[in-house]
């Protein structure tokens, strides 16, 4: 039956998501339009296709125990020289993201995996492009700011074309028996004004 590549993330709502995605494309990042703007909870992970229902059920259980929290983004930073990434910083909600990703990747669960680097919640705005372009991304988005309430997370599957597509959404507190909500609207509440 083969394998699929899955990822779990918190999406960045509109208008911020499209704005950051367009800026990422404008900096020359070829992956920009194939990756919805997000904060990663589970990085790309290959699983057997037959195990996807178990993953979906497990994520529903994780979401059922979750509670909404405030996410605030402000300014930029980089993982260079360790990794060729420029990102928007998560200045509020980082602790909640860290706890949530630990539950998603729990050793006894179907999404268990080791990370290449220690977990650090962020929103990527440039990856693997020229140093000059990454410098520009870091400089031009240094005043970016956004805030909203996180109402859940989502499961994505990467297609053969490299594009990440929404599979299911998992609202917090929705009850652990369901396998998530297939392909609906964004879980975030309407964005709060930038502060």
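All of the numbers you see were taken from the coordinates with simple rules; none came from a lab. Note that the coordinates shown come from a computational prediction; the quantities given were computed from them, not determined experimentally. Because the Cβ atoms are built from the backbone with ideal geometry, glycine has one as well, and the counts that use them run over all protein chains shown.
Details
- Members of segment 149-162 that are assigned to a strand (DSSP E or B) and surrounded by 19 or more Cβ atoms within 10 Å (Cβ to Cβ): 150, 152, 153, 154, 155, 156
- Check on residue 125, surrounded by fewer than 20 Cβ atoms within 10 Å (Cβ to Cβ) and touching a strand residue (DSSP E or B) at 6+ places or on another chain (Cβ under 6 Å): no
- Hits in segment 63-77 (condition: within 21 Å of residue 127 (Cβ to Cβ), over 15 Å from the mean Cα position of the chain (by Cα) and crowded, with 17+ Cβ neighbours inside 10 Å): 74, 76
- Qualifying residue in segment 10-28 (condition: assigned to a strand (DSSP E or B) and either touching a residue at least 12 places away in the same chain (Cβ under 8 Å) or buried (at least 19 other Cβ atoms within 10 Å of the Cβ) (or both)): yes
- Residue check, residue 165 free of Cβ contacts under 8 Å to residues at least 40 places away in the same chain, farther than 19 Å from residue 18 by Cβ and assigned to a strand (DSSP E or B): no
- Single match in 99, 107, 65, 112 (criterion: closer than 15 Å to residue 153 by Cα and free of Cβ contacts under 8 Å to residues at least 24 places away in the same chain): 99
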